[in-house]
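Let me begin by presenting the structure, written as structure tokens, before commenting on it.
The values are calculated or read from the model by the stated rules, or taken from the named source; none is laboratory data. Computed from a predicted structure; not experimentally measured. Cβ atoms come from the backbone with ideal geometry, glycine included; neighbour counts cover every protein chain shown. Ligands, DNA and RNA are excluded from the accessible area calculation, which covers all protein heavy atoms including side chains. Shrake-Rupley method; radii C 1.70, N 1.55, O 1.52, S 1.80 Å.
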Amino acid sequence: MIEAHREFNEGVVDVDIFGVKPGGGIEDELIAPIRPEIPELEPGEDYLLEVVVRTLALGHHLTQGTADSNQLWLDVAVRDDTGRLLGRSGGLGEGNRVDPWSHFINVYMLDREGARIDRRNAEDIFVPLYDHQIPPGAGDVVHYRLAVPRAIGTTGLTVEASLHYRKFDTKYLRHIYGEETANELPILDLARDTVTFPVGPAEASGARVRQPVKPEWQRWNDYGIGLLRKGGTGRGELRQAIEAFTHVEELGRPDGPLNLARVYLAQGTVTDDAIAALERAATFEPPAPAWSVAWFSGLVNFQNGAVDEAIANFRSILEADSEEMRRRGFDFSRDVRLQNQLGLALFERAKRERGPARADARAERLHEARESFERGLAIDPENVTAHYNLGLIYSQLGDREASDRHQALHAKYKPDDNARDRAIAIARRADPAADHAAEAIVIYDLHRPERFEGDRAGVAGGGG
Amino acid sequence: MKPDPPGGEGSEPQNPGEEPRATDPEAGPGAEEATPEDELVAEDDAVIGRAFARSLKVLAALAAAALIVVALRYVFRAAPEEAREIPVAAPRAVAATPDVPAIAFTDITAEAGIDFVHVNGAEGEALLPETMGAGAAFFDFDRDGDQDLLLVNSTTWNARADAGPTMALYENDGAGRFADRTASLGLATSFYGTGVAVGDVDNDGWVDLFVSAVGPNRLFRNVEGGRFEDVTASAGVAGADTEWSSSSAFFDADGDGDLDLLVGNYVRWSREIDIEVGYQLTGVGRAYGPPLNYGGTTMDFYRNDGSGSFTDVSEEAGMHILNPATDTPVAKTLGLAPVDVEGDGDIDVLIANDTVRNFLLVNDGSGVFTEEGGSYGLAYSREGAATGAMGADAADFRNDGELGFAIANFANEMTSLYVSQGDPTLWSDEAITAGIGAPSRRVLSFGLFFFDYDLDGRLDLLQVNGHLEDDIEVVEPSQQYRQAPQLFWNAGPDAPATFVPVEPAPGDGLTRELVGRGSSYADIDGDGDLDVLLLQTGDRPLLLRNDQETGHHWLRFLLRGDGERVNRDGIGAWVEVEQRTAAGPVVQRRRVMPTRSYQSQVEPLVTIGLGAPASVDELERVEVLWPDGARQAVEVDSFNRVIEVDYEPPN
């Protein structure tokens, strides 16, 4: 049974010990990729260890579903070449509890009083403290503080990073079976990566090094995606993401300039940087996917006020039916974001038709915009952007009743802006580990004095 | 359908367990001898059998027909359409900007004698108020015809009222040189000040001073220009002891000729709440916690009884706006823009809230407000989401009779520019088409205001910018802690985009990078054009003298109410100037309203730029529309002067 689960989850996720930053700070210089060359670590030095987790074969977020109770965490262990444990995050403690100061790939969900949803009490779900899920085909970067002891006395330091999964956490089991229960649920190893770093000039003996399965450009690309995604849109480690995607471009991949355009869009430099990056993506050999170039060009054109060009960009994607698209089964008319963005551009165009003389042209554009948002609603009936804009458009077209209806639905489906007011602060005060993990940029410490170091005997291995 | 057996409804129930005996036409001798009941069952079975066989034949026929149809369609299917590729298209380059008139803003802060430094109390704990800054006000406290300057100060967290840093009131000598009169005027008291509102609350002809704070707010009565007296207690406007108040405004809400007071409050904050959460920026140290994690508040509204004594009527006036899901206060107010939105003669108020929806308080004329931001389209961004709104201003910036609200937003968010769509109940964000969208995403904007810096008759826009975290560049290369202000020139109705970003010349005062917060304007040197004041948190302000040399003509209007029907400061009055131009008649409508930007007040005079008219005859109409509805024509016989207009009651 466990074997069946292991096989099912094979190759779903990849873990990559990607780089180190001597000095230990986000702003310090990166040494990467680790392998084929492996940098030498200095005794007494602090490093930022960059671990990249990438979803490969999933069609949905990792983990999605019961993301409040699925327990998925990174276990990073640092040992010298005698096997002595020098640092750990993600170890097990009493009753096989996972160290709460580990990185969990889950949603830390709260009720309206700021208490964690930890009893599968989904009916109380109110607002997330944080969401560490990874979208399909995307990466996440987990930062660790790695301190090399001054008097290390060995020639090698082995870092092993594995992604563990089990169905329920210990808190939940104790809620069911009693406070003394130990968590005996099987733990699956979804992926694993190992690198032995030489310490000092001597040759490391007994080195254990896994060969990465991803090509170098993809390792840089996944790292960059993880950096871009930190903290949500417009935040993130954008400076570091730019460096990563620049490497991808230098390695001859169109993902480089395309993803640079994503960063520029996120940070708002759309009048220059984003245009230049998309020009390079458009003419790259091999070419970036035409639909992606058209999409991002549309967004850039829209923000720069080139609204007619933006409309043409979005329409070109909707009307396209290329060989490549047929081969891959793409139908972009099913993308609600595309319908919304076209609607926004058409609405913006309508705003240019000012005054009584242009009233007919304005109404025509408003109807076009309306149709676009209606198509979006056919795909996602709860879409907040579509309802909001239809509320405005119907107002301007004189249909008060339809406007009120959409405004009410916008208010209903829109996340509550005051939801975080109390719950978040209470939750962060109550749980220091969650408080630490809730920031956009987090550095997990491998050397916390109170860290859990236990291993579960017979961890169902595989992965990597 | 099996027919009922003769003799009654329903069929004879079979014995359970017994298999129904099928009709077997082949049954020959040796079969059980048939009973009458058997015959009935056999007959029923035969009926069923025939019906079943018939059904099978029909179904087979239908299936055959379906197969034929499918086969035909396959044979005659349309040839696969031509593949339609997506044309490869990079975005259009940003158009070169039209010729923008040269500007010159000269930093005269030191030369003008302003040595004020804002103290925010930051000592490494990253307490939120430290990064939010304080405001300033230009007003004529001594009635000598020039604009003096009040700079609000915050303080260190443990300072004593009589020993810590204080606000500063500088007296203008008329030529733009300022002398510090704070102590002699009785204003040397230390508290954590944030915003300011000025107005003659007792209609005695001297402009009084309200300073909002983290903690109790203060009202200082101007005693004949010689000193200020703290009348907070008797006036009843301190607000709650632990409230964090921000922008505030004096205006006549109930039309009784005196100034009422609206105070915006930010978030429910205390040092304890702040310090217990581990806010960080780069995984180390401590950062400022976002307003998202603090409770909302309600605005305070005080009705003036005429003598400068106020009654807190917040709840009756409609200020207690609660979240319907949790019954908790919604607002996180940073900016206010009081303006008559409906054109019905009373003042409504746009409330800019940070990370929650904006409000539009629609006045019913008696000082009772109904919140209509959502249904009017002023509450959210174009995606239907709340923005991090800070400063705000309102103006008819296209000179076409439609009002616009500009709201400064957070980093990576565009400035909002809501414009009424021919109907005061319908608003749309036109920031993108107006040309300020993309440029404003690069900065974190606080104060902003419309003003005509080149006196060509069209309102331009100035934004003051600055980030919250001093190490933001570590992670966001496009953001710095200190950011230059952004000036947008109004290119007029025929331009593709109304607002064009202005590139200041190297060394110009507007190239200075600031931790910008509030802002204000006034003609401090009496040369007719507007000079600007830019404020920073935890640092010096920047006073920039406008040295434009367009040679454009201007008129400035100083309005005075009678203190009975219209408040002495003329707040809420409009000046309308209709001018004949080559492009047709142009009507400028500008209002007397000190409350603009972020936590600040601008001078009360109305400045009208006239461009280059040949003669005063080109002015078709110059009128004042007073808050009580009275229209008063104004005689103008020459340009480039201040015209004082005293309220005349209608005949």
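Brief remarks on what is shown
- Distance between the 7 Å Cα→Cβ label points at A:Glu10 and A:Arg328: 2.7 nm.
- For the protein assembly as shown: rounded, prolate or oblate by the Cα gyration tensor [a/c cutoff 1.5]: prolate
- Share of carbon and sulfur in the accessible heavy-atom surface of the protein assembly as shown [1.4 Å probe, %]: 51
- Per DSSP, loop trypsin sites (Lys or Arg not before Pro) in the stretch B:594-633 with at most 10 further Cβ within 10 Å: none
- For chain B, the per residue solvent-accessible surface stands at 40 Å², with DNA, RNA and ligands left out and a 1.4 Å probe.
- Amide H to amide H distances under 5 Å link A:Thr155 with A:Asp81, A:Ser205, where only residues 5 or more positions off or on other chains count and H is placed in the peptide plane.
- Rounded accessible area of A:Lys171 (nearest 10 Å², 1.4 Å probe): 120
- Threshold 30 Å², the stretch B:359-394 residues less accessible with all protein chains present than alone (1.4 Å probe): B:Ser375, B:Tyr380, B:Arg382, B:Glu383, B:Gly384
- Calculated FRET value between B:Asp423 and A:Tyr413, using beta carbons and R₀ = 30 Å, to 0.05: 0.70
- Helix axis angle, A:359-379 relative to chain A longest principal axis, alpha carbon, degrees: 40
- Among the GluC sites (Glu not before Pro) found in the stretch B:81-173, those both in a DSSP coil and sparsely packed, with 10 or fewer other Cβ atoms within 10 Å of their Cβ, are B:Glu81, B:Glu82.
- Net charge of Cβ neighbours under 14 Å - reference A:Glu323; Lys, Arg +1; Asp, Glu -1: -1
- Remark: mean inter-chain Cβ contacts per residue of A:342-349 equal 2, using a 10 Å Cβ-Cβ cutoff to other protein chain atoms.
- From most to least packed by mean Cβ count within 10 Å, the peptides B:326-339, B:152-165 give B:326-339, B:152-165.
- Looking at the stretch A:345-425, the accessible area is 44 square angstrom per residue; that uses a 1.4 Å probe and ignores ligands, DNA and RNA.
- Estimated FRET transfer efficiency (B:Thr106, A:Arg405; beta-carbon r; R0 56 Å; 0.05): 0.50
- Among beta bridges that DSSP assigns inside the stretch B:518-651, antiparallel share in %, nearest 5: 85
- Helix axis angle, B:36-75 relative to chain B longest principal axis, alpha carbon, degrees: 50
- Relative contact order of chain B: 13 percent, from C-alpha pairs under 8 Å at least 6 residues apart in sequence.
- Chain A, helix-only ellipticity at 222 nm - DSSP H runs n ≥ 4, -39,500 (n - 2.57), divided by all residues, nearest 500: -12000 deg cm²/dmol
- Helix-derived mean residue ellipticity, 222 nm - over chain B, DSSP H n ≥ 4, -39500 (n - 2.57), to 500: -3000 deg cm²/dmol
- Peptide packing: for B:410-418, A:150-158, the average count of neighbouring Cβ atoms within 10 Å per residue gives the ranking B:410-418, A:150-158, highest mean first.
- Projected label distance in nm at A:Arg84 and B:Ala60, using a 7 Å step from Cα toward the beta-carbon: 8.8
- Annotation for the B:A interface, with buried accessible surface near 6100 Å², both sides summed [1.4 Å probe; non-protein components not counted].
- Between 0 and 90 degrees, the angle of helix A:273-282 with respect to the longest Cα principal axis of chain A falls at about 90 degrees.
- Rounded to 0.05, the FRET efficiency of the A:Asp46 and A:Arg429 pair, given R0 = 45 Å and the Cβ-Cβ distance, is 0.95.
- Look at the stretch A:304-314: the mean tally of other chain Cβ atoms within 10 Å of its residues' Cβ atoms is 4.
- Computed on chain A, with alpha-carbon pairs under 8 angstrom and 6+ residues apart, the relative contact order is 19 percent.
- Interface residues of the stretch A:420-434, defined as a loss of at least 30 Å² in heavy-atom accessible area between the chain alone and the complex of all protein chains with a 1.4 Å probe, are A:Arg420, A:Asp421, A:Ala425, A:Arg428, A:Arg429.
- Kirkwood Rh (inverse of mean 1/r, distinct Cα pairs), the stretch A:231-322, angstrom: 13.3
- In a DSSP loop and with at most 12 other Cβ atoms within 10 Å, the GluC sites (Glu not before Pro) in the stretch B:262-334 are B:Glu315.
- Which listed pairs, of A:Lys21/A:Lys414; A:Lys21/A:Lys214; A:Lys412/B:Lys332, have C-alpha distances above 30 Å, in listed order: A:Lys21/A:Lys414
- Remark on chain A: Rg and Dmax equal 25.1, 85 Å (Cα only).
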